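The values are calculated or read from the model by the stated rules, or taken from the named source; none is laboratory data. Computed from a predicted model, the values in this text were never measured in an experiment. Glycine also receives a Cβ, built like all others from the backbone with ideal geometry; neighbour counts cover every protein chain displayed. Surface accessibility is based on the protein's heavy atoms, side chains included, excluding ligands, DNA and RNA. Shrake-Rupley method; radii C 1.70, N 1.55, O 1.52, S 1.80 Å.
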Amino acid sequence: MKKNMGLPDRIIRVMLATVPIVLYFAGIITGVVTIVLLGITGILLITSLFSFCPLYALFKINTDKKLKQ
């Protein structure tokens, strides 16, 4: 599993993942919407943690500048 995500991409994903978490704890989102958004949040956080996105690999996208050399 080669890294295919750069630091800016990872930071954006973590920032996007915090939005549904804050909305959930503020009580703004509930029900099925919560489950779906928290599932997406989990995926964003896991891909950021490992610097690997399966969709990027599928479409041969690489945002990690260090590995493009």
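A few points about this structure:
- Sites listed here are chymotrypsin sites (Phe, Trp or Tyr not before Pro) in region 3-62 whose DSSP assignment is loop and whose Cβ has at most 15 other Cβ atoms within 10 Å: F59.
- Accessible area in square angstrom per residue, the chain, 1.4 angstrom probe: 76
- Accessible surface of the chain, 1.4 Å probe: 75 percent of it comes from carbon and sulfur atoms.
- Acute angle (nearest 10 degrees) that the helix 32-50 long axis makes with the longest principal axis of the chain, alpha-carbon atoms: 30
- L38 versus L16: modelled label distance in nm, points set 7 Å from Cα along the beta carbon direction: 2.1
- For the chain, trypsin sites (Lys or Arg not before Pro) meeting the loop criterion (DSSP other than H, G, I, E, B) and having at most 14 other Cβ atoms within 10 Å: K2, K60.
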